[in-house]
Every structure is written in structure tokens, then in C-alpha cells.
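Participant: Quick one: structure below, then a few questions.
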Amino acid sequence: QNPTHSYAAAGNYTVELTVTTLSGCTDVTTLAVTVSTPLDATITPAGPFCEDDAAVNLTAATGGGTWSGTGITSGAAGTFNPATAGDGSHVITYSIGGQCPTTDTETIIVNPLDDASFNYGTASYCQNDTDPTPNITGLGGGIFSASGGLSIVSGTGAIDVSASTPGNYTVTYTTSGTCPSSSNVTV
């Protein structure tokens, strides 16, 4: 026969097996049994991240395991790189081997950078032209800034051509969304 027994708790136990044959012969075997508790592989939640965030080392309740999944650049250290992962949801796995192997998974979200696209329609203006306003094709609500002697309204991005010094300038638009980004236009 193949007897089984379940233990309610971890610990050291002495197990005795007595076998009696049909003819009445008896044999006893004693074994020491150690029941171990699995290590805790619970991953500490991380993120969400932006695509341009720096790489981070993930953590778990018990160290010494191996990390895997999209964006993991070091399985030993648990280094997660949002740029390597790219935008989206990524399932990360942490595994601890040994006598009682265990695994945990965590979904890490990487958000794309805001779209900071804009243009003025044309790149050259005269000081007596109508003040141009930008056409924001990306995420609105950002802030405009300009280099040098270009007079610009930061809230709207309108260029005050009559108050600007002639020359070439860079206008920068920076978003203020979940994952801010910037883009430049030369006028």
C-alpha cells in the first residue's frame, strides 16, 4: 500500500510505518521528516512608469530569486527598464527555487510619452505680419517657451512678431500630462 499523510504545519516530525504481512510478519521503519514552509515570493508593486523613466530594481518579500519578463534587463538584480519594455502592460515573474519552489507575478504598466507635436504652418514671418498661433496636433494644455528675442505668450504659444527681434529662434512646447514630453519648432 502507499499511505499518505498531510501535515498541518511546518516542522520536524518522526514518522513510523508498521507493515504486517498476511502471514503475520511485522516490520517497522522510522523516518525523520522535515516539512518546510515555502519562501514568500510576493513582488512589491511598482509603477506605473513612463517610457523615459530610469531603470529600477524591483523588490520581493524574499530575496535571492530570479526575475523574468519583458523589460527585465538583469534577472538576478530584478532590474526593470521601462524603455526596454515599451508602452503597455508587462507581466513580470519572480521565482524562488530550492526545496519548496514558489513564484509570483506582477503586471507593470508603462505609459507612452505625451505627444507634444505642434506647428505654426509656416516658419518665416515679418514684423508686420499677423501674430501666428500654433496648431497643437498632440496633447493640449502644455507650456510654450522660446529662445532669445522671440516674444511669445507661454499659455497660448502665439508669437508677437512686432515685439520680436529678427532672427532664427526655437519654440519649445512641453506637455503636462501623465508622461510629459517636449518638441521644438524653428521659426
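Each value in this text was obtained by applying a stated rule to the coordinates, not by laboratory testing. Predicted model, so just to flag it, every value in this text is computed and none were measured. A quick note on method: Cβ atoms are made from the backbone with ideal geometry, for glycine too, and the neighbour counts reach across all protein chains shown.
Participant: What residues qualify as long-range amide H neighbours of THR79, i.e. H under 5 Å apart, gap of 5 or more or another chain, H built at 1.01 Å from N?
Facilitator: LEU58, THR73, SER74
Participant: What's the FRET efficiency of CYS25 with VAL91 using the Cβ-Cβ distance as r and R₀ = 41 Å, to the nearest 0.05?
Facilitator: 0.10
Participant: Oh, and also: Can you work out ³J(HN,Hα) from phi for every residue in segment 176-186, in order, using Karplus 6.51 cos²θ - 1.76 cosθ + 1.60 and θ = phi - 60°, giving whole Hz and x for Gly and Pro?
Facilitator: 10, x, 4, 10, x, 8, 10, 9, 10, 9, 9
Participant: Oh, and also: How much length, in nm to one decimal, is gained on full extension between ASN119 and ASN57, taken as 0.36 nm per residue of separation minus their Cα-Cα distance?
Facilitator: 18.4 nm
Participant: Something else: Could you please state, rounded to a whole Å, how far the C-alpha centre of segment 168-187 is from the C-alpha centre of segment 30-50?
Facilitator: About 47 Å separates the Cα centre of segment 168-187 from the one of segment 30-50.
Participant: Okay, moving on. Can you find, among THR133, THR103, THR79, the residue sitting farthest towards the positive end of the charge dipole of the chain, where Lys and Arg contribute +1 and Asp and Glu -1 at Cβ?
Facilitator: The residue sitting most towards the positive pole is THR103.
Participant: Using a simple spin-label model with points 7 Å from Cα along the Cα→Cβ vector, what separation in nm is obtained for LEU17 and THR4?
Facilitator: If labels sit at LEU17 and THR4, their model points lie 1.5 nm apart.
Participant: Oh, and also: How large are Rg and Dmax for segment 1-70 when only the alpha carbon atoms are used, in Å?
Facilitator: When restricted to Cα atoms, segment 1-70 yields Rg and Dmax of 23.8, 78 Å.
Participant: Oh, and also: So what are the ³J(HN,Hα) numbers for segment 125-130, from phi and the Karplus equation (6.51, -1.76, 1.60; θ = phi - 60°), rounded to whole Hz, Gly and Pro as x?
Facilitator: Running phi through 6.51 cos²θ - 1.76 cosθ + 1.60 with θ = phi - 60° gives 9, 9, 5, 9, 6, 5 Hz.
Participant: Taking Cα pairs under 8 Å and at least six residues apart, what relative contact order does segment 1-117 come out at, in percent?
Facilitator: 23 percent
Participant: What order, most packed first, do the peptides 122-133, 98-109 have when packing is the mean number of other Cβ atoms within 10 Å of each residue?
Facilitator: Most protected by this proxy first, the peptides run 98-109, 122-133.
Participant: In sequence order, what are the phi-derived ³J(HN,Hα) couplings for segment 39-44 according to the Karplus relation 6.51 cos²θ - 1.76 cosθ + 1.60 with θ = phi - 60°, rounded to whole Hz, with x for glycine and proline?
Facilitator: After applying 6.51 cos²θ - 1.76 cosθ + 1.60, I find 5, 8, 9, 4, 7, 6 Hz.
Participant: So, in nm, how far is label ASP129 from label SER154 when the simple model puts each one 7 Å beyond its Cα toward the Cβ?
Facilitator: A separation of 2.5 nm, rounded to one decimal place.
Participant: Quick one: net charge around GLY142, please, counting Lys, Arg +1 and Asp, Glu -1 for every other residue with C-beta under 15 Å from its C-beta.
Facilitator: That works out to -2.
Participant: Now for a different question. Which FRET efficiency value, to the nearest 0.05, is calculated for SER147 and SER176 with the Förster distance at 25 angstrom and r the Cβ-Cβ distance?
Facilitator: 0.75
Participant: Want the number for THR137 to VAL35: 0.36 nm per residue separation, take away the alpha-carbon distance, what's left?
Facilitator: Result for the pair: 30.4 nm of gain on full extension.
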